[in-house]
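This report refers to the structure that appears directly beneath it.
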Amino acid sequence: GVADLSETKSERFTSPDSLDMVHRLRRDSCAVLVGRSTVERDDCSLTVRRVELGKGESQPVRVILDPSSKIVGGDYTILKDGLPTIIYHLQTEGMADTVKVSSDSVTLVGLNPSNVGDGFSLSPLEVVEDLKARGLQHVMVEGGPVTARAFLEVGVVDRAILVRAPIEFEIPVPSEMDLNTLTIAGLQMIGTAIMGGDNVEYWTKEGLPWPKSELPMWP
């Protein structure tokens, strides 16, 4: 599969029904996590918009992995809308004095370097543990593919939903999310469904039941 239309331009290619599902999953999550490149390419907000929040429910915390703190201070929606956001970056000597944010809603968290596949320099395990300590138990890893693979490779993903749209691309960005990747992560496919013309695969860890008996009923 592929993750995007091209290396230079990001466009939506999944169906409206699949997009609604993404927003339902955001609603059911404590936090939504992406890598820095997703913010740079999409200027995303990662908020729940296409479905209603329940009474008393709040927007999920946005989590960005930005090892070199490149987006800090940038003109991005996610840094300006006043909603809670956590940015994980590499902690280096003197960085505390140079990395600053202009919004009280943005929290910077420095971590020591790690070496996961694809040259990933932040430890997914440390990120998950820190989020857990903050009371954020259900984390949705939304993108991009390098970030998703890093979490899969260390075995911290309990469930995965893959959406495959029936579209071909001239200059695709490979997702490298295949059977081998998911199997090594300890996941097994428990079923499929068609959603607005897209093929949706549901994966879970062995012995971990899906939240609903009918797969498309969750999220």
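Below is a table of values for the structure above.
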quantity	calculated
Test result for Lys55, in contact with a helix residue (DSSP H, G or I) (Cβ under 8 Å, 6 or more places away or on another chain) and in a loop (DSSP other than H, G, I, E, B)	no
Residue satisfying all of: in region 56-66; buried (at least 17 other Cβ atoms within 10 Å of the Cβ) and not β-branched (Val, Ile, Thr); farthest from the chain's Cα centre (by Cα) among these	Gln59
Filter result (part of a strand (DSSP E or B), more than 15 Å from Arg159 (Cα to Cα) and in contact with a helix residue (DSSP H, G or I) (Cβ under 6 Å, 6 or more places away or on another chain)) within region 188-219	Ala193, Met195, Asp198
Qualifying positions in region 118-144 - open to solvent by 90 Å² or more (accessible area, probe 1.4 Å) and in a loop (DSSP other than H, G, I, E, B)	Arg134, Gln137
Inter-residue pairs, beta-carbon under 7 Å, first more than 14 Å from Ser37 (Cβ to Cβ) and free of Cβ contacts under 8 Å to residues at least 40 places away in the same chain and in region 139-159, second among the β-branched types (Val, Ile, Thr) and in a helix (DSSP H, G or I), 6+ apart	Leu152/Thr181; Val156/Val128
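The values are calculated or read from the model by the stated rules, or taken from the named source; none is laboratory data. As the structure is a computational prediction, the values presented were derived from the model and not from experiment. All Cβ positions, glycine included, derive from the backbone under ideal geometry; neighbour counts span all protein chains shown. Please note that ligands, DNA and RNA were not included when accessible areas were found on the heavy atoms of the full protein model with its side chains. Shrake-Rupley method; radii C 1.70, N 1.55, O 1.52, S 1.80 Å.
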